[in-house]
Amino acid sequence: MSGRDRRRFISQAGLAGLGLLGARVSRGQQPAFRISLAEWSLHRTLFAGELDHLDFARTSRELGIDGVEYVNQFFKDRAEDRAYLEEMKRRCDGEGVQSLILMVDNEGRLGAPDRKEQAEAVANHRKWIEAGRFLGCHAVRVNAHSEGSFSEQQNRVADGLRELAEVGAELGVDVIVENHGGLSSHGRWLAGVMQKVDHPSCGTLPDFGNFGDYGGYDFSRGVEAYDRYLGVADLMPWARGVSAKSHTFGADGEETRIDFRRMMRVVLDAGYSEWVGIEYGGGPHPELEGIRLTKLLLERVRSERS
């Protein structure tokens, strides 16, 4: 996408000068949290080829957001392409945007019951941890997928995560897990995994959504719905990031499925004061509009806490 087309793309969504719309923090005052942008918020635009991954940092800056969270799906063959990673870093530095998290999918099950498969998954993730370190990310987000009983999956995932956390510790990058399908979408299960891992380089990325979809896992008493607010509270003791998932907004600018004020009380009351990443998951709003609405809502909640 050319610079001219990108500017038209932004202006058509009514986002020109969006950075001026955010709540101002007075000089010297520490905000309750900072706002970043998860690349998945633009997945439709990226998959359609209407935005190039290398332009993500510039788009984030145009949206008034100075922290980014990458998704490896948008540069999946480039983990070991140093020239490409250098260009990503150059563009971030040029825009004054900070690289925070690299989200990794489709590199194998860290909780695979077969030890060889699990070892391959750990090895596959290493290159992304190295890429994350080069980009300046403090963490790489992975998935906690497995099979077996409730406790078997906890033990298998904990084993894989602990091994990967050792890699992360060696490279100075945290390995963090999101509630992202399967049993990881059950807050108590994932909290149990973290207790079993018990490693300083392993943490969580609580997502406001993604609770209750267990991938067909049978709890023997029917499919359980897991309360999203309880789920985030379950995961906050290990949080190294927070994902503010959003989908649909009403005319009043409030998310219609998630009470952001209640959710952010859970986050902030846990003592968390770092980055909160916008992840517009898609819905009736164009992606840039969904990002704008999420940003404005987070800013409003933040200003109410000051």
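When Leu190, Leu183, Leu161 are checked against the criterion of being closer than 26 Å to Ile278 by Cα, assigned to a helix (DSSP H, G or I) and at pLDDT below 95, a single residue qualifies: Leu183. Tallying residues that are assigned to a helix (DSSP H, G or I) and surrounded by fewer than 16 Cβ atoms within 10 Å (Cβ to Cβ) within segment 232-259 yields 1. Applying the criterion of being outside any helix (DSSP H, G or I) and acidic (Asp, Glu) to the residues of segment 83-141, the residue that is farthest from Arg240 (Cα to Cα) is Asp114.
Does segment 15-24 contain at least one residue that is at pLDDT 95 or above and buried (at least 20 other Cβ atoms within 10 Å of the Cβ)? Talk me through it step by step, then tell me what you get.
In the first step, residues of segment 15-24 are kept if they are at pLDDT 95 or above; the result is none.
There is no residue in segment 15-24 that is at pLDDT 95 or above and buried (at least 20 other Cβ atoms within 10 Å of the Cβ).
Entry remark, segment 193-224: residues being at pLDDT 95 or above, farther than 19 Å from Ala158 by Cβ and in a loop (DSSP other than H, G, I, E, B) number 1 in total. Please go through segment 149-166 and pick out each residue that is out of contact with any Phe, Trp or Tyr (no Cβ under 7 Å at 6 or more places or on another chain) and of a type outside the set (Gly, Ala, Ser). Those that are out of contact with any Phe, Trp or Tyr (no Cβ under 7 Å at 6 or more places or on another chain) and of a type outside the set (Gly, Ala, Ser): Glu152, Gln153, Asn155, Arg156, Val157, Asp159, Leu161, Arg162, Glu163, Leu164, Glu166. Gly271 passes every criterion in (1) on the phi > 0 side of the Ramachandran plot; (2) open to solvent by less than 40 Å² (accessible area, probe 1.4 Å) apart from (2). Scanning segment 276-296 for residues that are surrounded by fewer than 23 Cβ atoms within 10 Å (Cβ to Cβ), within 20 Å of Leu205 (Cβ to Cβ) and in contact with a strand residue (DSSP E or B) (Cβ under 8 Å, 6 or more places away or on another chain) yields a total of 1. Counting the residues of segment 123-154 that are buried (at least 17 other Cβ atoms within 10 Å of the Cβ) and over 20 Å from the mean Cα position of the chain (by Cα) gives 3.
The values are calculated or read from the model by the stated rules, or taken from the named source; none is laboratory data. Nothing here was measured: the structure is a model prediction, and the numbers come from that model. Glycine gets a Cβ as well: all are built from the backbone with ideal geometry, and neighbour counts include every protein chain shown. Areas reflect the complete protein model, heavy atoms only, side chains present, ligands, DNA and RNA absent. Shrake-Rupley method; radii C 1.70, N 1.55, O 1.52, S 1.80 Å.
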